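First comes the structure, then the notes that go with it.
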2 protein chains.
Amino acid sequence: VSLTADGLRVLVEHVRARVPRAIGRAITAVETEGGAAGLSKALFPSTGRARVVGITGPPGAGKSTLAQRLAQAWRRDGKTVGIVAVDPSSPYTGGAILGDRIRMSEIYTDPGVFIRSMATRGALGGLARATADAVDVLDAAGYDIVLIETVGVGQDEVDIVKAAETVAVVLVPGLGDDIQAIKAGILEIGDVFIVNKADREGADRTEAELAMMLDLSALEGWRPPIIRTVAPRGEGIAQAVGALASHGEHLAATGEDVERRRRRVRARLQALLDERFRATVHSRERAAGGLEEAVRIVGERREDPYSASERLFGDVIRARSEG
Amino acid sequence: VSLTADGLRVLVEHVRARVPRAIGRAITAVETEGGAAGLSKALFPSTGRARVVGITGPPGAGKSTLAQRLAQAWRRDGKTVGIVAVDPSSPYTGGAILGDRIRMSEIYTDPGVFIRSMATRGALGGLARATADAVDVLDAAGYDIVLIETVGVGQDEVDIVKAAETVAVVLVPGLGDDIQAIKAGILEIGDVFIVNKADREGADRTEAELAMMLDLSALEGWRPPIIRTVAPRGEGIAQAVGALASHGEHLAATGEDVERRRRRVRARLQALLDERFRATVHSRERAAGGLEEAVRIVGERREDPYSASERLFGDVIRARSEG
């Protein structure tokens, strides 16, 4: 996606006027490395107003239905909602969460709701970077609430939901032993815990285990509430909306929102720097003796990976500072 | 972990003599950025002999028990086995997969088996990098087979199992709708698919869905077999071992192993370059006007993230090429 200065100006205008096709086009633009910088710079003055909420959890936790129900509840409160559904578990395919648009169809025709799926685009994808940019697009478009929905509980998802002010972690009863490992990993990122499919056997146990782990971890200030929901029936949705709002108020009241914003900005700058560095390595590639030569040498066992990367790093820095 | 030249020489000697405490100490050393380079360079000449197998899948798939059973089967064939169990879902805590040592206790007393857990150590962890280095340690220690076990199906896990020649993806019946998204994402990395807990309801359906997806994807040469296992009872383990071995033979016979090795080396060099760049950004931090100043400026909305990262990138490159 390449935009002229005029095209960029018009696109920004249309995004700010909340024209759905323009918003979609802008998100496509930020998904590609080349289109991201110019557009994000131009949109930046219009951002900073939306409330950004993240929702994550293991596959099968029913996050899509939950997101739909939350969006409906916010709509009833008169708020507009932008949703970015991110699927880092699709590393090679482009069409993530295909089912969502269908499953979310109830809200799909509401002009006060915008839904967009995103997926990894190969190793250089920078999905966390693109997600933060997509949030900016929806923010600039004036959506009151931007919801980031992501599948999974690994570092990818942590990086992605880092763009949110408040993070809801969704669990379900009976996901097996390894869920303990998950819980340990996501305790720190959950501001609100949702036990979805709470009509299933084992909901009491899941909630009790979660409460115990929250007791054990020395949390200060905000104690993450545990909300039970049965999303398809709308049960517990009002409580979930209330808990998310309470956390937002807590952040503002304690000034913790400033520190959180700083953390988000730091992560985002770091990701942008990483992406820029990778682009530099690849542009260096076009010259002689880049990454591919090092790959061949190490592959033939003529040099160890550390020595090769040290040499290559020096070359890249020199070439870049000279060029 | 800081090692003198003498200490390094002794450690390498002891790793090569397969002294368990030395192997453990060497893996701890490669887990920390500072200790990795010197040790990996010194071990490099002793590596390249082990057969490296990866095993991944969603939480609750029973990978630990499966890994134990595979190790036992290999041991019966007279092979020694090193296992690296990696948990990227523990982003902030150090003690990953605490339960494994207990669950794997049957093989834990066998001197022909070495087991080590690893977890993310914060944002600069470079878990994929550390895993590849740990594989080198076990390879240099002379283990015939090195097994990388990782929990999850996101980009982290893909990056981690990339260090393996052959990857087994483990699924279980009845993990819900989102499993479809997972399957789409991991189809490309699975050389062998294992439907574990195959005595559960829905195993036929899981296998059929998987077979259908494999039919749809245009795979050339190797058709990934689908093996059913019930790990605690040892059912299907012989078939799984056979399938993993067949894939290794396929790689060697077709010369595909060379291309795979190239891909592994490329991913590894890229990760090392990334880590080196991040270290440079952080060393730059100690001087005036680094990342933290940019974080403050963007946080106060005086500059957009893209402009700030461009400026900072230029500063880092200049400082590095001058210093």
| Residue pairs meeting the criteria (Cβ under 7 Å; at least 6 apart or on separate chains; first closer than 19 Å to residue A:128 by Cα and at the interface with chain A (Cβ under 7 Å from one of its Cβ atoms), in region B:299-323; second aromatic (Phe, Trp, Tyr) and surrounded by 14 or more Cβ atoms within 10 Å (Cβ to Cβ)) | B:304/A:44
| Identity of the residue in region B:25-34, open to solvent by less than 10 Å² (accessible area, probe 1.4 Å) and at pLDDT 90 or above, that ends up nearest to residue B:132 (Cα to Cα) | B:27
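Hey, can you tell me all the residues within region A:74-104 that are assigned to a loop (DSSP other than H, G, I, E, B), modelled with pLDDT under 95 and open to solvent by less than 30 Å² (accessible area, probe 1.4 Å)? Walk me through it before giving the result.
Keep residues of region A:74-104 that are assigned to a loop (DSSP other than H, G, I, E, B), which gives A:77-80, A:88-97, A:104.
From what is left, the residues that are modelled with pLDDT under 95 are A:88-97, A:104.
Within region A:74-104, A:88, A:89, A:90, A:91, A:96, A:97, A:104 qualify.
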| field | strands (runs of 3 or more DSSP E) lying entirely in region B:122-206 (those with 2 or more residues that are within 13 Å of chain A (Cβ to nearest Cβ) and either at pLDDT 90 or above or more than 13 Å from the chain's Cα centre (by Cα) (or both)) | value | B:166-171
| request: Kindly check whether there is at least one residue in region A:243-263 that is surrounded by fewer than 21 Cβ atoms within 10 Å (Cβ to Cβ) and at the interface with chain B (Cβ under 7 Å from one of its Cβ atoms). | output: yes
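For residue B:37, are the conditions met, namely being open to solvent by 10 Å² or more (accessible area, probe 1.4 Å) and at pLDDT below 90?
On the way: open to solvent by 10 Å² or more (accessible area, probe 1.4 Å): yes; at pLDDT below 90: yes.
When the stated conditions are applied, residue B:37 passes them.
For (1) of a type outside the set (Ser, Thr, Tyr); (2) open to solvent by 10 Å² or more (accessible area, probe 1.4 Å); (3) farther than 22 Å from residue B:268 by Cα, each residue gets a yes or a no:
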{"position": "B:10", "(1), (2), (3)": "yes, yes, yes"}
{"position": "B:13", "(1), (2), (3)": "yes, yes, yes"}
{"position": "B:23", "(1), (2), (3)": "yes, no, no"}
{"position": "B:45", "(1), (2), (3)": "yes, yes, no"}
{"position": "B:51", "(1), (2), (3)": "yes, yes, no"}
{"position": "B:63", "(1), (2), (3)": "yes, no, yes"}
{"position": "B:72", "(1), (2), (3)": "yes, yes, yes"}
| Filter result (among the polar types (S, T, N, Q) and touching a residue at least 40 places away in the same chain (Cβ under 8 Å)) within region B:201-231 | B:229
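The values are calculated or read from the model by the stated rules, or taken from the named source; none is laboratory data. As the structure is a computational prediction, the values presented were derived from the model and not from experiment. Ideal geometry is used to build each Cβ from the backbone, glycine not excepted, and the neighbour counts take in all protein chains shown. Accessible surface areas use protein heavy atoms only, side chains included; no ligands, DNA or RNA. Shrake-Rupley method; radii C 1.70, N 1.55, O 1.52, S 1.80 Å.
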